[in-house]
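See structure below.
The values are calculated or read from the model by the stated rules, or taken from the named source; none is laboratory data. Being a predicted model, the structure only gives us computed values, none of them experimental. Glycine also receives a Cβ, built like all others from the backbone with ideal geometry; neighbour counts cover every protein chain displayed. For the accessible areas, the whole protein counts, side chains as well, though only heavy atoms, and no ligand, DNA or RNA atoms are used. Shrake-Rupley method; radii C 1.70, N 1.55, O 1.52, S 1.80 Å.
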Amino acid sequence: MAKILAVDDSASMRGMVAFTLRGAGHEVTEAENGQLALDAAGGSAFDLVLADVNMPVMDGISMVRALRAKPEYKGVPILMLTTESHTEKKMEGKAAGATGWLVKPFDPEQLLATVKRVLG
Amino acid sequence: MATVDLSQFHQTFFEESREGLDAMEAALLALDSGSTDHELVHTIFRAAHSIKGGAATFGFADMAAFTHVAESLLEEVRSERRAVDAGLIDLLLRSLDCLRGMLDRTSHGQPAADAGSEALRAELAQLVAGATAPVAAKASVAAATGWAIRFVALPHLLQTGNDPLRVFNELQALGRLEVLRAFVTESAPADFAMLDPGQCHLGWELRLHGAVARADLDAVFDWLDGDCELAIAPLAAAPVEAVVATPVPVAAATPAAETPAPAREATAASSAGHADGGSIRVGIDKVDALIDMMGELVITQSMLSDIGEHFDLSQLERLREGLAQLERNTRELQDSVMRIRMLPIGSVFNRFPRLVRDLERKLGKQVRLELHGEHTELDKTVLEKIGDPMVHLVRNAIDHGLEMPEQRRAAGKPETGTLTLDAHHEGSNIIVRISDDGAGLNHERIRAKAVERGLVSAAQPLSDDEVAELIFQPGFSTAAQATDLSGRGVGMDVVRRNVRDLGGSVGVKSVAGQGSVFTIALPLTLAIIDGLVTTVGAERYIVPLISIVESLRLPADAVRRTAGGGEVFRFRDEYLPVIRLHHAFGCADAVTAIERGIVVVVEDGGQRVGLLVDELVGQQQAVIKSLEKHYQQVQGVSGATIVSDGSVALIVDVGGVVRLGRRSKAA
């Protein structure tokens, strides 16, 4: 099963994502903000990164940009978890190098379906 | 697919939302006091945003709807389309209060929205420019029998983590996919050796057969906007035109995910039964310290059992060492465990900027609030209960203590008064001080009021401190005119009672024209006290060390009888009543002759009495067990504990006993 990095400053959201993915057999590492996610990504290789957009210290968009600058994260799927329903924010994420997004609120089934969509 | 029970995350959501609202409030107040730091706006936005996301995810639709409009308003502020003014801050503060209420109701399983929140939501929505009514998704049911698709990957497509293969798989899931042509794009290098495997130079002409909705088709390509050139036309229409990068209408792809599910409401309500279980967030360092201690305890334990297995007298020294180590471990473990319940007082202090701001507006006074020692830690229970008395003292300080700007100017003071909250450790106590640089207590008026209330006689000489003490008497209110803040029948006596219930004390020092200082002394924890074990007959009583002034043996003739039948003795220039514990608690076989027992002088709230016990056994830390919970409330006893020999000892409630003594003194 896949190694997934879940990044969100909200403990409840992060908990829900991690719990759901673990339940589906994935190995999940949690990070509270973009900076901590980068630290985690430096130490181990992930198959998928799920990241919130609005976070303190380092937001999701800067995190994507920094991850994409690492050669080992060039083609790794990164999905933004966003409540932004308008297009600009999604496009900003895309421009930074995100693979796609999952719009909040999502339920565990939607999350798993999306993860399956990327991981195949 | 296994369903995930989301209710397990509700408590975390409530807690982080409350924290978010606190952060939001602090940021709003900072903005209000003139700060232009843009990060503050981000903090406020982020808090609203997180609450909205969480509320929607966990099915709290009312809260999600409310935060949605608040967020829209904040988005305008963030993108500098709306200026921050006092009116906006007021509105946002009100919204924040409303959200707190909604959170509380939700966590208690009640409907979050009420008339107030609905009215406020309407007010917010009205303010949001061009109210963001959700754009109705266009009916996009395909009339066609299929779609012609030209899909050309841009070279960087793979680097965004996307994969054309996924697109084909998903298209195939929608209908029958026919590949008309696959081709290499012009972006490909002429020399194969130059080809970078991380780049994609392929394009496809596809046909998707079947009654596929355009929205479903768009959803397949939604993540690829900007990563490919895409042209989609209904089949049987004109052949695909020149390739233009068509912006994919993403909006059409999302409504499915955004459907607010009213069905989830039921889940939220049913799971709210176990709503506020009361949890505590503990720093990792504290838990680590605990595990560390535990490790040492295990080592000590194995060392002792090793000694015990083949014990002979030659090992006595090792046994002593082991026991000493066990004692040290136990004490450290106890400290670590106690620290888990300790939280910084900052969480209580944080309410005050808002309160002060509101009072300033209401009373037309100018107040500068200073906070010191926010990091001082207090037991969680104490922390939860100290808020109300502090609010009362702060209200009083601003309402009665600080003068109006013109009065201050006339008195040669700066127009803005200063209110200082300060917390620090002092021995095994936490001292919280609330000081103002206002007019100080009006001794004349207090005295007059006390006489009028019959608390003292007009002729009685009273020192300033004694006059100040009068304000803590039940039923005393100093406000000449009851404002709507004080004078609600809740006086300083209630403050003192609340603090006493926490095992603390409160006192006041005041200098006319310079201000007043209210000092609250609180025990570090409510669960454990340092006590002096005494015997009375066959019983053991523990007197809290903190209230002991001195223990002494009195000669028989040192005690005099008063007219009312009470006993008093002279102690450092004052006469103190003697309370015979054996008499107060009805113990048999106790020492009755004063000269054969010990008198323990105790103090509570400035009042002293002497307690007569048989003898002193020693000091011990006592873990307090509530009597009320196991038996019933007993006058003069605050709880019970188990002493080292396994028997039960009662803990003397010094305040209660002193009050008992004062009554016998008055009699």
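Some values worked out for this structure:
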| quantity | calculated |
| --- | --- |
| Flag if A:ALA51 is within 24 Å of B:THR12 (Cβ to Cβ) and buried (at least 18 other Cβ atoms within 10 Å of the Cβ) | yes |
| Entirely in segment B:308-397, the strands (runs of 3 or more DSSP E) that have 2 or more residues that are of a type in the set (D, E, K, R) | B:367-372, B:377-379 |
| B:ARG150 being within 14 Å of chain A (Cβ to nearest Cβ), of a type in the set (Lys, Arg) and open to solvent by less than 60 Å² (accessible area, probe 1.4 Å) | no |
| Residue within segment B:130-143 that is modelled with pLDDT under 85 and over 52 Å from the mean Cα position of the chain (by Cα) present | yes |
| Yes/no for B:GLU567 being surrounded by 17 or more Cβ atoms within 10 Å (Cβ to Cβ), among the acidic types (Asp, Glu) and touching a strand residue (DSSP E or B) at 6+ places or on another chain (Cβ under 9 Å) | yes |
| Pairs, first without any contact (Cβ under 8 Å) to a residue 60 or more places away in the chain in segment B:299-319, second open to solvent by 70 Å² or more (accessible area, probe 1.4 Å), C-beta under 7 Å, six or more apart | B:ILE307/B:ARG318 |
| Matching option when the condition is surrounded by 12 or more Cβ atoms within 10 Å (Cβ to Cβ) and over 21 Å from A:GLY120 (Cβ atoms), among B:VAL184, B:VAL212, B:VAL220 | B:VAL212 |
| Residue that is modelled with the lowest pLDDT [pool: residues in segment B:612-633 that are touching a Gly at 6+ places or on another chain (Cβ under 9 Å) and closer than 30 Å to B:MET492 by Cβ] | B:GLU628 |
| Filtered residues of segment B:186-207 (kept if away from every other protein chain (no Cβ under 14 Å), over 11 Å from B:PHE151 (Cβ atoms) and not acidic (Asp, Glu)) | B:SER187, B:ALA188, B:PRO189, B:ALA190, B:PHE192, B:ALA193, B:MET194, B:LEU195, B:HIS201, B:ARG207 |
| A:LEU48 vs. criteria facing chain B (nearest Cβ under 9 Å) and touching a residue at least 60 places away in the same chain (Cβ under 8 Å) | yes |
| Filter result (more than 7 Å from every other protein chain (Cβ to nearest Cβ) and either open to solvent by less than 10 Å² (accessible area, probe 1.4 Å) or of a type in the set (Asp, Glu) (or both)) within segment A:99-120 | A:ASP107, A:LEU111, A:VAL115 |
| Every residue from segment A:12-32 that is open to solvent by 10 Å² or more (accessible area, probe 1.4 Å), in contact with a strand residue (DSSP E or B) (Cβ under 9 Å, 6 or more places away or on another chain) and at the interface with chain B (Cβ under 7 Å from one of its Cβ atoms) | A:GLY15, A:PHE19 |
| Tally of residues being open to solvent by 50 Å² or more (accessible area, probe 1.4 Å) and either at pLDDT 90 or above or within 8 Å of chain A (Cβ to nearest Cβ) (or both) across segment B:1-11 | 4 |
| Matching residues in segment A:68-82 - criterion: being open to solvent by 40 Å² or more (accessible area, probe 1.4 Å) and either small (Gly, Ala, Ser) or within 9 Å of another protein chain (Cβ to nearest Cβ) (or both) | A:ALA69, A:LYS74, A:GLY75 |
| Where A:GLN35 falls short, out of the listed (1) at the interface with chain B (Cβ under 9 Å from one of its Cβ atoms); (2) surrounded by fewer than 22 Cβ atoms within 10 Å (Cβ to Cβ); (3) of a type in the set (S, T, N, Q) | (1) |
| Residues within segment B:292-305 that are closer than 12 Å to B:VAL337 by Cβ and under 28 Å from the mean Cα position of the chain (by Cα), tallied | 1 |
| Condition met for B:ARG608 (in a strand (DSSP E or B), open to solvent by 10 Å² or more (accessible area, probe 1.4 Å) and modelled with pLDDT of 90 or more) | no |
| Hits in segment B:22-48 - residues which are within 14 Å of another protein chain (Cβ to nearest Cβ), in contact (Cβ under 8 Å) with a residue 24 or more places away in the chain and either outside any helix (DSSP H, G or I) or open to solvent by less than 30 Å² (accessible area, probe 1.4 Å) (or both) | B:MET24, B:VAL41, B:ILE44, B:PHE45, B:ALA47, B:ALA48 |
| Qualifying residue in segment A:83-92 (condition: surrounded by fewer than 23 Cβ atoms within 10 Å (Cβ to Cβ), over 21 Å from B:ALA64 (Cα atoms) and in contact with a helix residue (DSSP H, G or I) (Cβ under 6 Å, 6 or more places away or on another chain)) | yes |
